[in-house]
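Some notes on the structure that comes next.
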Amino acid sequence: MKSLLKWLRPREAAMARLVGQFARAESPSLDKAAVDRFGRLVAAEWRRRGAQVALLRQRQRGDHVRAEWNPSGRRAQGQILVLGHLDTVYGLGTLARMPFRISRGRAFGPGVFDMKGGLVIALFAIDALAEAKLTPGKRIVFLWTSDEEIGSETSRAVIEREAQRSSAVLVLEPAAGPLGLVKTGRKGVGEIELIATGRAAHAGLNPEDGVNAIQEIALQIARISQWNQPRRGITVNAGVIEGGTRTNVIPEHARVVVDLRAERAEDMRALERKFRELRPILRGAKLQIRGGFNRPPMERPAAAKLYARARALAKEMGVKLGEAYVGGGSDGNFTAAVGVPTLDGLGAVGEGAHSPQENIRIGALPERAALVAGLLATL
Ligand SMILES: [Zn+2]
């Protein structure tokens, strides 16, 4: 580990430069052409390192990039999957307001933390392994997807398929907190929409003929809000609400979109069931329920062994590595749920994901790359 880190340390500036190149290639999830441009840039870096690269073509979303690195050739036994995403939450043109810049040892810019820094870490991990002539015994598949920030609709099946062929999954999502904790548990995440239909009427002339859809939705929100159990890790948040046309009209339509989170798969299923069983409260109102859990929880046992290995490798470098449980979901939720050991948050150390202050600590890049390299060489 020490020699990997020793080789990587002087490459800190080169790593930051590549993060800059990546950040300048904007890649908002919803813009296929932009994500594809960035994907080609990433693909070229992998080809230069001798990986076999395939673009998994998508019609609406950006193409996913699959890079297979297999230095042992036919002797390779088994597979490790390294996961990350190409897309960011920042729209085209964000760069004009939020240019890539380096200041006081930190690199700022759209997506540097979530998660272009992680993509750079993977590339340099491979460089360090090649330089040290450490040949992993397994085939390593790097899968860089195009739609993580919008729910991974087009990538989920390929993520699960590659995970099922693998004995471990490493996810290069941002680390947690200033100490760079890895993520050993994540809540399951879902979205449910309640749509109420009432009956329109004049609010002054014949209010008795109306059924107020907004009132129906409000009553439902009051009911579902009681399902929050923060101590058990269950949260229900009415996040978007819509309805009505004019103040003098009894509204016929209203809807609410609710964010759901749960720590345990059983709680997730129970919560979904409760939503399905909701019935209208006002007489004459209709209620429709759509959606549900999208990402199952990533429960800690799936990560415990990998975490112990990562911790031991970090210790060899003189770094203390901690773990965190987080409420946010990632593609690691999918791989853990199909039963494959998954360690998440191995990417960059930074802060301000999805905000104008998004930045990473440049000094941590070599350490993280050494850690990923160490894992790939020993798993
Ligand atoms: Zn991310």
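Structure data summary
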read-out	value
Volume of the Cα convex hull of segment 128-237, divided per residue and given in Å³	206 Å³
Segment A304-E351, extension gain: residue separation times 0.36 nm, minus the distance between their alpha carbons	14.4 nm
Carbon plus sulfur fraction of accessible area for segment 65-147, probe 1.4 Å, in percent	48 percent
Cβ crowding within 10 Å averaged over residues, with 303-311, 329-337 ranked highest first	329-337, 303-311
Total formal charge among the other residues, if their Cβ is under 11 angstrom from that of Q77, Lys/Arg +1 and Asp/Glu -1	+4
Total charge dipole magnitude, segment 169-304, about the Cα centre, Cβ charges on Lys, Arg, Asp, Glu only, Debye to nearest 20	400 debye
Helix 117-131 vs. the chain, principal-axis angle (Cα, 0 to 90°, nearest 10)	20 degrees
The chain: translational diffusion in µm²/s, Stokes-Einstein, Kirkwood Rh over Cα pairs, 20 °C, 1.002 mPa s	97 µm²/s
S3 - accessible surface, heavy atoms, 1.4 Å probe, Å² rounded to 10	80 Å²
Residue-averaged 222 nm ellipticity for the chain, from DSSP H runs of 4+ at -39500 (n - 2.57), nearest 500	-10000 deg cm²/dmol
Dimensions in Å of segment 1-118 - Rg and Dmax from alpha carbons	15.9, 50
Degrees, to the nearest 10: 32-48 long Cα axis against longest axis of the chain	20 degrees
For segment 299-379: Kirkwood Rh in Å [reciprocal of mean 1/r, alpha carbons]	13.9 Å
K183 - accessible surface, heavy atoms, 1.4 Å probe, Å² rounded to 10	20 Å²
Solvent-accessible area, 1.4 Å probe, carbon plus sulfur percent, for segment 205-283	48 percent
Nearest 10 degrees, 0 to 90: helix 213-225 Cα axis against the chain principal axis	50 degrees
Residues of segment 187-284: accessible area per residue with a 1.4 Å probe, Å²	57 Å²
Hits among lysines - C-alpha to C-alpha of K286 under 18 Å, sequence gap 8 or more where chains match	K274
Contact order normalised by residue count of segment 210-250, Cα under 8 Å, 6+ apart, percent	45 percent
Relative contact order (percent, whole number), the chain, Cα cutoff 8 Å, 6+ residue spacing	25 percent
By average C-beta atoms within 10 angstrom, highest first, the peptides 251-263, 53-65, 103-115	103-115, 251-263, 53-65
Area accessible to solvent at W7, 1.4 Å probe radius, in Å²	60 Å²
Segment 5-102, relative contact order [Cα under 8 Å, separation at least 6], %	32 percent
Ordering of 204-217, 269-282 by packing [mean C-beta count within 10 Å, highest first]	204-217, 269-282
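The values are calculated or read from the model by the stated rules, or taken from the named source; none is laboratory data. Keep in mind it's a predicted model, so treat the numbers as computed, not measured. Glycine gets a Cβ as well: all are built from the backbone with ideal geometry, and neighbour counts include every protein chain shown. The protein model used for the area step is the full one, side chains on, heavy atoms only, and it has no ligands, DNA or RNA in it. Shrake-Rupley method; radii C 1.70, N 1.55, O 1.52, S 1.80 Å.
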